[in-house]
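Take a look at the structure below.
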Amino acid sequence: MTTRGKSGMLLLLLAIFAALWFGTLEYRKLIKPDEGRYAEIPREMVASGDWLTPRLNDIKYFEKPALQYWATATAYVLFGEHQWTARLWSALTGFLGILVTGFAVRRLWGGAAGLYAACVLGSSLLWVMIGHVNTLDMGVSFFLSSAVFGFVLAQRDDATPRENRNWMWLTWLALALSVLSKGLIGLVLPFATLLGYSLWQRDFTLWRRLHLLSGLALLLAVTAPWFIAVSLANPEFARFFFIHEHFERFLTKVHGRYQPVWYFLPVLLAGMLPWLTAIFAMARRSFQRDPHSRFQPRRFLLLWCLVVFGFFSVSDSKLASYILPLFPALAALIGVYLAELSQRDARALRWHALPIIALAVLCLLLAPQAVEMSSPEVPQELYADYVPWLLGASATLLVGALAAFCFAWFARPLPSVLSLAFGGMLFAQLILLGLDTLAPANSAYRIVERIRDQVKPDVPFFSVNTYDQTLPFYLKRTVTLVGYKDELGFGIEHEPHKFIPDLASFEKIWRAAPQAWALMGPDTYQQLLAAGLPMHLAAQDTRRIIVRKP
């Protein structure tokens, strides 16, 4: 195939990949808690016109900065309030992260390595899944990885002074946007990596090439306006955001997300599927020093992965998606390794496909066992509907791995990598799409559909002893919380008039109201029914009951 023909084929594959990446965003219902939360805050920004103070269920919510809220609110204004617009920022930054990774690796190590790195990241299980879920981790991962790649491009040996300056300015801009995405980790993790690299290499000369004064000025110009404005409008913001949400979250179990120190090891191994075996081979080569280069980009990227992994491993607050920022750098290192391996012995790639074949067969055998995960809240019939999706995902992975093995056997490295990449990407997509079968238990969409046309805007709606994060988004209005605080406790403390503290107070308000609606769990419903509270059952599912008065 000619160079032009090869380029045309790659562009076609990129177009297909983009269609698959963005084309599934509307399919699934939003699920609680994160997707509902991060869809509702921007909805309230648009409804209220206040884009300065984030609010969740009309209560001040200061856990995270506002960049993603603004991006999603903008999507709502431009395209309407849909499931796909709620997920658009995650999908867009995830897709751009793949392109940035491929571009940076191409500049550093050549076209084949860049393409392989993009394939690895675009098919890694965790990156694909978080790229299609409305949460904050993809946005901050994109900006952090952009900053890391920008730094490496700025510090490479052949960078001119002008290139060094321009790439460092882009790095500072990416750091600023990462801070606006999720807070101070946007500075802590990169500078910890820089310090660690300087000590490892005994080289502090690169600190003189950071453009600190202009870079810090750029960072402050981007971040300071919102932090200052929101602090002036809400004096309680600064202490909660900078102390509670950073130091107390990291050092204590206040958020109830404590996991053992080894928690992220299986997350990393599963999250990098189908490139699991390449991690170990890549790590040894990345650790070695290149005697022909002053700056060691592989070592820096490897250290970045270790810093991110170690930082969150020692934290007392852990979620699987926290280590997502290391995935682009890890994909870059694997891409370089695969390019070098294909040059030495293209047939050796089959040994990276063979374990995935075995894993896919195991997944096929285990998929029917998903029904054993059922519970009263998520009944067995929902999981039974999920099994065909799991079987399809496993079969897709198997086909991709078999094709990769066959192409490698005949020493065709590019088709081999592409086959495994598309198999891995579809594997992750099908697992995620199939989760919609569980939506009746994990989303308020269906129960809201049964009563939406009956609920008038001026009639009070209560959420009693519970709060389903997806309820306000699908109801297109906020609700009054009764006896439930959790993450909204800080906001309720400063706006107590928007909260009903106990069932006794709720009963008085309910009895006095001519009309009202309420959502509650089955246990609370039985308790209020036994107390003789006048209410009519309007809709129910395995988790929720909606009642109305009269």
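Just so you know, all these numbers are worked out from the coordinates, no wet-lab data involved. All values reported here derive from a predicted model rather than from experimental measurement. Cβ placement follows ideal geometry from the backbone for every residue including glycine, while neighbour counts extend to all protein chains displayed.
Structure data summary
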item: Inter-centroid distance (Cα atoms) of the range 1-32 relative to the range 446-486, Å; result: 37
item: Additional length obtainable on full extension of the chain from Ser48 to Gln540, 0.36 nm per residue less Cα span; result: 174.1 nm
item: Degrees, to the nearest 10: 83-109 long Cα axis against longest axis of the chain; result: 10
item: Bridge type composition, the chain - antiparallel percent by DSSP, nearest 5; result: 55
item: Structure-derived Cα extents along the principal axes in Å - corresponding label in (i) 124, 46, 40; (ii) 80, 56, 43; (iii) 68, 61, 44; result: (ii)
item: Ranking of Asp58, Asp345, Asp137 by count of other Cβ atoms within 10 Å, fewest first; result: Asp345, Asp58, Asp137
item: Loop-resident sites, the range 264-339, for trypsin sites (Lys or Arg not before Pro), counting at most 16 other Cβ within 10 Å (DSSP); result: Arg289, Arg294
item: Sorted by Cβ density within 10 Å, fewest first, the residues Trp51, Trp517; result: Trp51, Trp517
item: Residue order, fewest to most surrounding Cβ atoms within 10 angstrom, among Asp486, Asp316; result: Asp486, Asp316
item: Compactness index (Cα Rg / 2.2 N^0.38 Å), the range 299-395; result: 1.52
item: Whole-angstrom gap from the range 254-312 to the range 391-444, using each part's C-alpha centre; result: 23
item: Anchor Lys498: lysines whose Cα lies under 29 Å away (excluding residues fewer than 8 positions away in-chain); result: Lys29, Lys32, Lys60, Lys64, Lys182, Lys253, Lys456, Lys476, Lys485, Lys508, Lys549
item: Computed [θ] at 222 nm, helices only, for the chain once each DSSP H run of length n ≥ 4 contributes -39500 (n - 2.57); result: -20000 deg cm²/dmol
item: Positive-end residue, the range 205-335 charge dipole about Cα centroid, Cβ charges, pick of Trp226, Leu216, Ala331; result: Ala331
item: Qualifying chymotrypsin sites (Phe, Trp or Tyr not before Pro) for the range 256-306 [loop in DSSP, other Cβ within 10 Å: at most 16]; result: Tyr258, Trp262
item: Relative contact order [Cα under 8 Å, 6+ residues apart], the range 61-191, whole percent; result: 27
item: Cα-based convex hull, the range 510-550, per residue volume (Å³, whole number); result: 53
item: Spacing of the two label points (7 Å from each Cα toward its C-beta) at Leu232 and Lys498, in nm; result: 2.2
item: Alpha-carbon Rg/Rh ratio, for the range 445-549, with Rh computed the Kirkwood way; result: 0.93
item: Charge context of Leu475, other residues only, Cβ under 13 angstrom, K/R +1, D/E -1; result: +1
item: Average Cα contact separation per residue, the range 445-549, under 8 Å, 6 or more apart, as relative contact order %; result: 28
item: Selection of trypsin sites (Lys or Arg not before Pro), the range 151-255, meeting DSSP coil and at most 12 other Cβ within 10 Å; result: Arg202, Lys253
item: Normalised contact order of the range 1-91, rounded percent, pairs of Cα under 8 Å and 6 or more residues apart; result: 28
